[in-house]
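Here's the structure we're looking at; comments come further down.
The values are calculated or read from the model by the stated rules, or taken from the named source; none is laboratory data. Model, not experiment: these values are computed from the prediction. Heads up, the Cβs are rebuilt from the backbone with ideal geometry, glycines too, and the neighbour counts pull from every protein chain shown. Protein only, heavy atoms only, side chains kept; ligands, DNA and RNA dropped before computing areas. Shrake-Rupley method; radii C 1.70, N 1.55, O 1.52, S 1.80 Å.
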Amino acid sequence: MNQSEVVLDEPLREITVGSSRITLLGTAHVSRASEAAVRHLIASDGFDAVAVELCPSRHQALRDPDALARMDLLQVVREGKMGLVAANLALTAYQQRLADQLGVEPGAELRAALEAADDAGLPILLIDREVGVTLRRLTGAVRWWQRPGLIAGLVASLLTREEVAEEDIERLKSGDLLHNTFADFADQAEPLYRALIGERDAYMALKLREQAELHPNQRILAVVGAGHLDGIIRHLEAAPPAQPDALLESLTRTPPRSMIGKSIPWLIMILILGGFLVGFVRGPELGWQLVLDWTLTTGGLAAVGALIALAHPLTLVGSFLAAPITTLHPLIGAGMVAVALELWLRKPRVADFSTLREDIAHIKGWWRNRVAHTFLVFMLVNLGASIGTYVGGFRLFGQLAGHG
(Lines give C-alpha, C1' and ligand atoms only; values in the text may rest on other atoms or scores of the structure.)
Protein backbone atom coordinates (compact mmCIF):
# COMPACT_ATOMS: atom_id res chain seq x y z
CA MET A 1 0.00 0.00 0.00
CA ASN A 2 1.27 3.43 -0.91
CA GLN A 3 1.48 5.44 2.31
CA SER A 4 1.95 9.18 2.02
CA GLU A 5 3.19 11.43 4.77
CA VAL A 6 -0.34 12.02 5.95
CA VAL A 7 -0.43 8.55 7.56
CA LEU A 8 3.20 8.22 8.61
CA ASP A 9 2.52 9.41 12.17
CA GLU A 10 -0.52 7.20 12.65
CA PRO A 11 0.07 3.56 13.73
CA LEU A 12 -0.90 1.22 10.91
CA ARG A 13 -0.99 -2.57 11.21
CA GLU A 14 -1.96 -5.22 8.66
CA ILE A 15 -3.00 -8.80 9.27
CA THR A 16 -4.41 -11.59 7.11
CA VAL A 17 -7.51 -13.37 8.42
CA GLY A 18 -8.48 -16.26 6.19
CA SER A 19 -8.39 -14.88 2.66
CA SER A 20 -9.11 -11.32 3.76
CA ARG A 21 -6.65 -8.57 4.53
CA ILE A 22 -7.41 -6.28 7.47
CA THR A 23 -5.65 -2.93 7.85
CA LEU A 24 -5.98 -1.45 11.32
CA LEU A 25 -5.47 2.28 11.66
CA GLY A 26 -4.81 3.38 15.24
CA THR A 27 -6.22 6.85 15.75
CA ALA A 28 -6.12 9.53 18.40
CA HIS A 29 -9.58 10.73 19.37
CA VAL A 30 -8.49 14.37 19.51
CA SER A 31 -6.25 14.58 16.47
CA ARG A 32 -6.83 16.33 13.16
CA ALA A 33 -4.02 14.18 11.74
CA SER A 34 -6.05 11.05 12.49
CA GLU A 35 -9.04 12.53 10.69
CA ALA A 36 -6.90 13.34 7.67
CA ALA A 37 -5.35 9.86 7.69
CA VAL A 38 -8.77 8.21 7.68
CA ARG A 39 -9.95 10.25 4.71
CA HIS A 40 -6.71 9.65 2.82
CA LEU A 41 -6.80 5.87 3.25
CA ILE A 42 -10.46 5.50 2.26
CA ALA A 43 -9.90 7.74 -0.77
CA SER A 44 -7.08 5.45 -1.89
CA ASP A 45 -9.80 3.15 -3.25
CA GLY A 46 -8.10 0.02 -1.97
CA PHE A 47 -10.75 -1.20 0.45
CA ASP A 48 -13.98 -3.13 0.20
CA ALA A 49 -15.39 -2.15 3.61
CA VAL A 50 -14.71 0.22 6.49
CA ALA A 51 -14.98 -0.99 10.09
CA VAL A 52 -15.25 1.59 12.87
CA GLU A 53 -14.94 1.52 16.66
CA LEU A 54 -18.61 2.31 17.11
CA CYS A 55 -21.65 0.52 18.49
CA PRO A 56 -25.18 1.20 17.15
CA SER A 57 -25.90 3.77 19.89
CA ARG A 58 -22.68 5.75 19.39
CA HIS A 59 -23.12 5.47 15.62
CA GLN A 60 -26.61 6.95 15.95
CA ALA A 61 -25.25 9.73 18.17
CA LEU A 62 -22.67 10.65 15.51
CA ARG A 63 -25.20 10.50 12.71
CA ASP A 64 -27.86 12.33 14.70
CA PRO A 65 -26.27 14.54 17.39
CA ASP A 66 -29.66 16.04 18.23
CA ALA A 67 -31.05 12.69 19.43
CA LEU A 68 -30.62 13.84 23.05
CA ALA A 69 -33.22 16.51 22.38
CA ARG A 70 -35.84 13.80 21.80
CA MET A 71 -35.22 11.93 25.03
CA ASP A 72 -38.37 10.93 26.94
CA LEU A 73 -37.46 11.48 30.59
CA LEU A 74 -40.60 9.82 31.93
CA GLN A 75 -39.82 6.69 29.95
CA VAL A 76 -36.24 6.75 31.23
CA VAL A 77 -37.59 6.89 34.80
CA ARG A 78 -40.16 4.13 34.21
CA GLU A 79 -37.55 1.81 32.68
CA GLY A 80 -35.09 2.41 35.51
CA LYS A 81 -32.40 3.73 33.17
CA MET A 82 -31.56 6.96 34.99
CA GLY A 83 -28.12 5.72 36.02
CA LEU A 84 -27.27 4.46 32.54
CA VAL A 85 -28.37 7.67 30.83
CA ALA A 86 -26.53 9.74 33.46
CA ALA A 87 -23.31 7.87 32.63
CA ASN A 88 -23.91 8.50 28.92
CA LEU A 89 -24.42 12.18 29.67
CA ALA A 90 -21.10 12.18 31.52
CA LEU A 91 -19.44 10.81 28.39
CA THR A 92 -21.18 13.43 26.24
CA ALA A 93 -20.17 16.22 28.63
CA TYR A 94 -16.55 15.07 28.55
CA GLN A 95 -16.58 15.03 24.77
CA GLN A 96 -18.12 18.49 24.58
CA ARG A 97 -15.57 19.95 27.00
CA LEU A 98 -12.78 18.55 24.83
CA ALA A 99 -14.38 19.99 21.72
CA ASP A 100 -14.71 23.43 23.32
CA GLN A 101 -11.16 23.36 24.67
CA LEU A 102 -9.30 21.94 21.67
CA GLY A 103 -11.49 22.90 18.75
CA VAL A 104 -11.56 19.22 17.75
CA GLU A 105 -14.66 17.13 18.28
CA PRO A 106 -13.62 13.84 19.96
CA GLY A 107 -14.39 11.04 17.55
CA ALA A 108 -14.00 13.34 14.54
CA GLU A 109 -11.95 10.62 12.85
CA LEU A 110 -14.87 8.20 13.24
CA ARG A 111 -17.26 10.74 11.78
CA ALA A 112 -14.76 11.23 8.92
CA ALA A 113 -14.70 7.46 8.36
CA LEU A 114 -18.50 7.37 8.09
CA GLU A 115 -18.60 10.32 5.69
CA ALA A 116 -15.73 9.06 3.51
CA ALA A 117 -17.17 5.54 3.38
CA ASP A 118 -20.54 6.97 2.33
CA ASP A 119 -18.86 9.04 -0.41
CA ALA A 120 -16.96 5.99 -1.65
CA GLY A 121 -20.02 3.75 -1.50
CA LEU A 122 -18.35 1.36 0.96
CA PRO A 123 -20.27 -0.66 3.56
CA ILE A 124 -19.74 0.43 7.18
CA LEU A 125 -19.17 -2.21 9.85
CA LEU A 126 -19.95 -1.34 13.47
CA ILE A 127 -17.55 -3.49 15.46
CA ASP A 128 -17.64 -2.07 18.99
CA ARG A 129 -19.79 -3.48 21.78
CA GLU A 130 -22.95 -1.58 22.69
CA VAL A 131 -21.97 1.19 25.11
CA GLY A 132 -24.87 0.36 27.44
CA VAL A 133 -23.58 -3.20 27.80
CA THR A 134 -20.09 -1.91 28.56
CA LEU A 135 -21.41 0.46 31.23
CA ARG A 136 -23.54 -2.27 32.81
CA ARG A 137 -20.59 -4.65 32.86
CA LEU A 138 -18.47 -1.84 34.31
CA THR A 139 -20.99 -1.40 37.12
CA GLY A 140 -21.19 -5.15 37.60
CA ALA A 141 -17.43 -5.25 38.13
CA VAL A 142 -17.76 -2.91 41.12
CA ARG A 143 -18.41 -4.35 44.58
CA TRP A 144 -21.60 -3.14 46.21
CA TRP A 145 -19.71 -1.08 48.80
CA GLN A 146 -17.69 0.64 46.04
CA ARG A 147 -20.73 1.90 44.10
CA PRO A 148 -21.28 5.06 46.17
CA GLY A 149 -17.64 5.91 45.39
CA LEU A 150 -18.28 5.33 41.69
CA ILE A 151 -21.30 7.66 41.81
CA ALA A 152 -19.30 10.25 43.77
CA GLY A 153 -16.43 10.06 41.28
CA LEU A 154 -18.80 10.40 38.34
CA VAL A 155 -20.41 13.47 39.90
CA ALA A 156 -17.00 14.93 40.71
CA SER A 157 -15.77 14.39 37.16
CA LEU A 158 -18.71 16.43 35.93
CA LEU A 159 -18.50 19.27 38.38
CA THR A 160 -14.91 19.80 39.50
CA ARG A 161 -13.36 21.47 36.48
CA GLU A 162 -14.27 23.21 33.26
CA GLU A 163 -11.13 22.26 31.32
CA VAL A 164 -9.84 18.78 30.71
CA ALA A 165 -6.42 18.28 32.30
CA GLU A 166 -3.40 18.18 30.00
CA GLU A 167 -2.46 14.65 31.10
CA ASP A 168 -5.94 13.45 30.11
CA ILE A 169 -5.52 14.95 26.64
CA GLU A 170 -2.14 13.26 26.25
CA ARG A 171 -3.66 9.95 27.33
CA LEU A 172 -6.40 10.31 24.75
CA LYS A 173 -3.82 10.54 21.98
CA SER A 174 -2.98 6.89 22.52
CA GLY A 175 -5.97 5.67 24.46
CA ASP A 176 -9.70 5.22 24.34
CA LEU A 177 -12.49 7.71 24.94
CA LEU A 178 -14.61 5.45 27.14
CA HIS A 179 -11.60 4.41 29.20
CA ASN A 180 -10.43 7.97 29.62
CA THR A 181 -13.85 9.12 30.83
CA PHE A 182 -13.67 6.62 33.68
CA ALA A 183 -9.87 6.52 33.99
CA ASP A 184 -9.83 7.43 37.69
CA PHE A 185 -11.63 4.15 38.41
CA ALA A 186 -10.33 1.90 35.64
CA ASP A 187 -6.68 2.50 36.44
CA GLN A 188 -7.25 1.36 40.03
CA ALA A 189 -9.12 -1.89 39.41
CA GLU A 190 -8.26 -4.58 36.88
CA PRO A 191 -11.90 -5.75 36.45
CA LEU A 192 -12.90 -2.23 35.42
CA TYR A 193 -10.05 -1.97 32.95
CA ARG A 194 -11.04 -5.35 31.53
CA ALA A 195 -14.65 -4.20 30.99
CA LEU A 196 -13.59 -0.95 29.32
CA ILE A 197 -10.66 -2.16 27.22
CA GLY A 198 -9.85 -5.87 27.35
CA GLU A 199 -13.32 -7.21 26.61
CA ARG A 200 -13.87 -4.69 23.83
CA ASP A 201 -10.56 -5.70 22.21
CA ALA A 202 -11.80 -9.30 22.12
CA TYR A 203 -15.26 -8.23 20.89
CA MET A 204 -13.90 -6.09 18.03
CA ALA A 205 -11.49 -8.84 16.98
CA LEU A 206 -14.39 -11.31 16.87
CA LYS A 207 -16.48 -8.94 14.74
CA LEU A 208 -13.58 -8.42 12.31
CA ARG A 209 -12.94 -12.16 12.08
CA GLU A 210 -16.66 -12.75 11.51
CA GLN A 211 -16.69 -10.23 8.64
CA ALA A 212 -13.59 -11.76 7.08
CA GLU A 213 -15.12 -15.23 7.14
CA LEU A 214 -18.52 -14.14 5.83
CA HIS A 215 -16.99 -12.13 2.99
CA PRO A 216 -13.70 -13.69 1.87
CA ASN A 217 -11.07 -11.96 -0.26
CA GLN A 218 -11.91 -8.54 1.14
CA ARG A 219 -9.71 -5.59 2.03
CA ILE A 220 -11.05 -4.14 5.26
CA LEU A 221 -9.96 -0.88 6.85
CA ALA A 222 -10.59 -0.87 10.62
CA VAL A 223 -10.52 2.56 12.30
CA VAL A 224 -9.96 2.07 16.05
CA GLY A 225 -8.41 3.99 18.94
CA ALA A 226 -4.66 3.46 19.13
CA GLY A 227 -5.09 1.98 22.61
CA HIS A 228 -6.95 -0.99 21.09
CA LEU A 229 -4.44 -1.87 18.37
CA ASP A 230 -2.23 -4.32 20.29
CA GLY A 231 -5.16 -6.08 21.92
CA ILE A 232 -7.09 -6.57 18.68
CA ILE A 233 -3.99 -7.78 16.82
CA ARG A 234 -3.22 -10.22 19.65
CA HIS A 235 -6.71 -11.75 19.40
CA LEU A 236 -6.59 -11.92 15.60
CA GLU A 237 -3.16 -13.60 15.64
CA ALA A 238 -4.35 -16.24 18.11
CA ALA A 239 -6.09 -19.42 17.00
CA PRO A 240 -9.76 -18.83 16.11
CA PRO A 241 -12.07 -19.59 19.05
CA ALA A 242 -13.80 -22.97 18.88
CA GLN A 243 -17.20 -21.38 19.53
CA PRO A 244 -17.08 -17.76 18.40
CA ASP A 245 -20.84 -17.21 18.74
CA ALA A 246 -20.79 -18.40 22.35
CA LEU A 247 -17.80 -16.17 23.11
CA LEU A 248 -19.49 -13.19 21.49
CA GLU A 249 -22.64 -13.85 23.49
CA SER A 250 -20.65 -14.06 26.72
CA LEU A 251 -19.09 -10.66 26.02
CA THR A 252 -22.49 -9.03 25.52
CA ARG A 253 -24.22 -10.65 28.48
CA THR A 254 -24.88 -8.53 31.55
CA PRO A 255 -23.33 -10.56 34.37
CA PRO A 256 -25.99 -11.75 36.82
CA ARG A 257 -25.59 -10.42 40.31
CA SER A 258 -24.07 -12.96 42.67
CA MET A 259 -26.21 -14.39 45.43
CA ILE A 260 -24.17 -12.33 47.90
CA GLY A 261 -24.72 -9.17 45.84
CA LYS A 262 -28.46 -9.86 45.65
CA SER A 263 -28.74 -10.60 49.34
CA ILE A 264 -26.75 -7.63 50.68
CA PRO A 265 -29.60 -5.04 50.31
CA TRP A 266 -32.06 -7.44 51.93
CA LEU A 267 -29.53 -8.23 54.67
CA ILE A 268 -29.11 -4.51 55.38
CA MET A 269 -32.89 -4.15 55.62
CA ILE A 270 -33.14 -7.12 58.02
CA LEU A 271 -30.26 -5.85 60.18
CA ILE A 272 -31.64 -2.32 60.46
CA LEU A 273 -35.21 -3.48 61.18
CA GLY A 274 -33.78 -6.04 63.61
CA GLY A 275 -31.86 -3.24 65.31
CA PHE A 276 -35.07 -1.25 65.68
CA LEU A 277 -36.78 -4.31 67.15
CA VAL A 278 -33.99 -4.87 69.68
CA GLY A 279 -34.18 -1.21 70.62
CA PHE A 280 -37.94 -1.38 71.27
CA VAL A 281 -37.54 -4.61 73.25
CA ARG A 282 -35.02 -2.84 75.50
CA GLY A 283 -37.33 0.12 75.85
CA PRO A 284 -39.68 2.26 73.76
CA GLU A 285 -37.54 5.33 74.39
CA LEU A 286 -34.45 3.67 72.88
CA GLY A 287 -36.47 2.23 69.98
CA TRP A 288 -37.91 5.59 68.98
CA GLN A 289 -34.49 7.23 69.39
CA LEU A 290 -33.02 4.71 66.91
CA VAL A 291 -35.82 5.36 64.43
CA LEU A 292 -35.36 9.12 64.79
CA ASP A 293 -31.60 8.90 64.31
CA TRP A 294 -32.03 6.71 61.22
CA THR A 295 -34.58 9.13 59.78
CA LEU A 296 -32.43 12.19 60.44
CA THR A 297 -29.25 10.57 59.09
CA THR A 298 -30.59 9.00 55.89
CA GLY A 299 -33.21 11.65 55.20
CA GLY A 300 -30.88 14.48 56.15
CA LEU A 301 -28.06 13.38 53.85
CA ALA A 302 -30.48 12.75 50.96
CA ALA A 303 -31.90 16.24 51.56
CA VAL A 304 -28.35 17.65 51.55
CA GLY A 305 -27.87 16.08 48.12
CA ALA A 306 -31.10 17.68 46.94
CA LEU A 307 -30.03 21.00 48.45
CA ILE A 308 -26.65 20.93 46.68
CA ALA A 309 -28.51 20.18 43.45
CA LEU A 310 -30.78 23.16 44.17
CA ALA A 311 -33.84 20.94 43.84
CA HIS A 312 -37.32 22.36 44.34
CA PRO A 313 -38.14 22.79 48.08
CA LEU A 314 -40.85 20.13 47.80
CA THR A 315 -38.32 17.76 46.21
CA LEU A 316 -36.01 18.41 49.14
CA VAL A 317 -38.81 17.57 51.60
CA GLY A 318 -39.79 14.52 49.55
CA SER A 319 -36.17 13.29 49.51
CA PHE A 320 -35.96 13.69 53.29
CA LEU A 321 -39.18 11.72 53.83
CA ALA A 322 -38.44 9.04 51.22
CA ALA A 323 -34.82 8.20 52.07
CA PRO A 324 -35.45 6.52 55.48
CA ILE A 325 -37.89 4.16 53.72
CA THR A 326 -36.19 3.65 50.35
CA THR A 327 -32.84 2.87 52.00
CA LEU A 328 -34.59 -0.12 53.57
CA HIS A 329 -36.22 -1.19 50.30
CA PRO A 330 -33.85 -2.91 47.84
CA LEU A 331 -36.02 -2.11 44.81
CA ILE A 332 -36.66 1.62 45.27
CA GLY A 333 -34.13 4.45 45.42
CA ALA A 334 -34.50 7.88 46.97
CA GLY A 335 -33.21 9.38 43.70
CA MET A 336 -36.17 7.93 41.80
CA VAL A 337 -38.63 9.59 44.17
CA ALA A 338 -36.75 12.88 43.89
CA VAL A 339 -36.73 12.71 40.08
CA ALA A 340 -40.47 12.01 39.95
CA LEU A 341 -41.12 15.06 42.12
CA GLU A 342 -38.72 17.26 40.17
CA LEU A 343 -40.29 16.33 36.84
CA TRP A 344 -43.74 17.09 38.24
CA LEU A 345 -42.66 20.43 39.72
CA ARG A 346 -40.21 21.59 37.04
CA LYS A 347 -41.08 20.01 33.72
CA PRO A 348 -38.21 20.51 31.22
CA ARG A 349 -38.85 22.95 28.40
CA VAL A 350 -38.19 22.41 24.71
CA ALA A 351 -35.23 24.78 24.96
CA ASP A 352 -33.67 22.61 27.69
CA PHE A 353 -33.56 19.63 25.34
CA SER A 354 -32.21 21.65 22.42
CA THR A 355 -29.30 23.09 24.44
CA LEU A 356 -28.60 19.99 26.54
CA ARG A 357 -25.40 18.95 24.76
CA GLU A 358 -23.82 22.40 25.13
CA ASP A 359 -25.05 23.00 28.69
CA ILE A 360 -23.70 19.78 30.22
CA ALA A 361 -20.17 20.67 29.11
CA HIS A 362 -20.09 23.40 31.77
CA ILE A 363 -20.64 23.22 35.51
CA LYS A 364 -23.36 25.86 35.69
CA GLY A 365 -25.24 24.19 32.86
CA TRP A 366 -26.08 21.19 35.07
CA TRP A 367 -28.07 23.50 37.34
CA ARG A 368 -29.44 25.78 34.60
CA ASN A 369 -30.70 23.13 32.17
CA ARG A 370 -33.77 21.35 33.57
CA VAL A 371 -33.00 18.08 31.79
CA ALA A 372 -29.44 17.95 33.10
CA HIS A 373 -30.69 19.18 36.47
CA THR A 374 -33.01 16.18 36.74
CA PHE A 375 -30.05 13.81 36.44
CA LEU A 376 -28.02 15.91 38.86
CA VAL A 377 -30.82 15.61 41.44
CA PHE A 378 -30.95 11.85 40.85
CA MET A 379 -27.21 11.37 41.37
CA LEU A 380 -26.80 13.65 44.39
CA VAL A 381 -29.89 12.41 46.25
CA ASN A 382 -28.90 8.79 45.67
CA LEU A 383 -25.35 9.55 46.79
CA GLY A 384 -26.59 11.23 49.96
CA ALA A 385 -28.98 8.38 50.74
CA SER A 386 -26.25 5.78 50.13
CA ILE A 387 -23.86 7.51 52.50
CA GLY A 388 -26.70 7.89 54.99
CA THR A 389 -27.32 4.13 54.93
CA TYR A 390 -23.76 3.36 56.05
CA VAL A 391 -23.52 6.21 58.56
CA GLY A 392 -26.98 5.47 59.95
CA GLY A 393 -26.24 1.77 60.27
CA PHE A 394 -23.01 2.34 62.19
CA ARG A 395 -24.74 4.85 64.48
CA LEU A 396 -27.62 2.47 65.15
CA PHE A 397 -25.45 -0.45 66.20
CA GLY A 398 -23.14 1.87 68.10
CA GLN A 399 -26.11 3.04 70.16
CA LEU A 400 -27.27 -0.54 70.74
CA ALA A 401 -23.78 -1.51 71.89
CA GLY A 402 -23.69 1.50 74.22
CA HIS A 403 -26.99 0.44 75.78
CA GLY A 404 -26.10 -3.22 75.96
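Taken as a whole, region 345-367 holds no residue that is open to solvent by less than 10 Å² (accessible area, probe 1.4 Å), at pLDDT 90 or above, on the phi < 0 side of the Ramachandran plot and assigned to a helix (DSSP H, G or I). Selection of helices (runs of 4 or more DSSP H) fully inside region 19-96 by the criterion of at least 2 residues being modelled with pLDDT of 80 or more returns 32-43, 56-63. Among the conditions (1) open to solvent by 70 Å² or more (accessible area, probe 1.4 Å); (2) part of a loop (DSSP other than H, G, I, E, B); (3) closer than 30 Å to L286 by Cα; (4) among the hydrophobic types (A, V, I, L, M, F, W, C), the only one that L328 does not satisfy is (1). For R234, the stated conditions hold: it is basic (K, R) and over 20 Å from R137 (Cα atoms).
Annotation: A311 fulfils all but one of (1) buried (at least 23 other Cβ atoms within 10 Å of the Cβ); (2) within 30 Å of G283 (Cβ to Cβ); the unmet one is (2).
Checking D245, D201, D230 one by one, the residue that is under 26 Å from T27 (Cβ atoms) and modelled with pLDDT under 90 is D230 and no other. Restrict the check to region 270-287 and report whether at least one residue is open to solvent by 40 Å² or more (accessible area, probe 1.4 Å) and either within 30 Å of P56 (Cα to Cα) or assigned to a loop (DSSP other than H, G, I, E, B) (or both). Among the residues of region 270-287, not one is open to solvent by 40 Å² or more (accessible area, probe 1.4 Å) and either within 30 Å of P56 (Cα to Cα) or assigned to a loop (DSSP other than H, G, I, E, B) (or both), which makes the answer no. Regarding I325, is this residue of a type in the set (A, V, I, L, M, F, W, C) and touching a helix residue (DSSP H, G or I) at 6+ places or on another chain (Cβ under 6 Å)? Against the criterion (of a type in the set (A, V, I, L, M, F, W, C) and touching a helix residue (DSSP H, G or I) at 6+ places or on another chain (Cβ under 6 Å)), I325 does not qualify.
Taken over region 368-404, residues that are open to solvent by 40 Å² or more (accessible area, probe 1.4 Å), modelled with pLDDT of 90 or more and among the aliphatic types (A, V, I, L, M) amount to 2.
Scanning region 209-232 for residues that are more than 28 Å from the chain's Cα centre (by Cα), surrounded by fewer than 23 Cβ atoms within 10 Å (Cβ to Cβ) and in contact (Cβ under 8 Å) with a residue 60 or more places away in the chain yields A212, E213, H215, P216, N217, Q218, R219.
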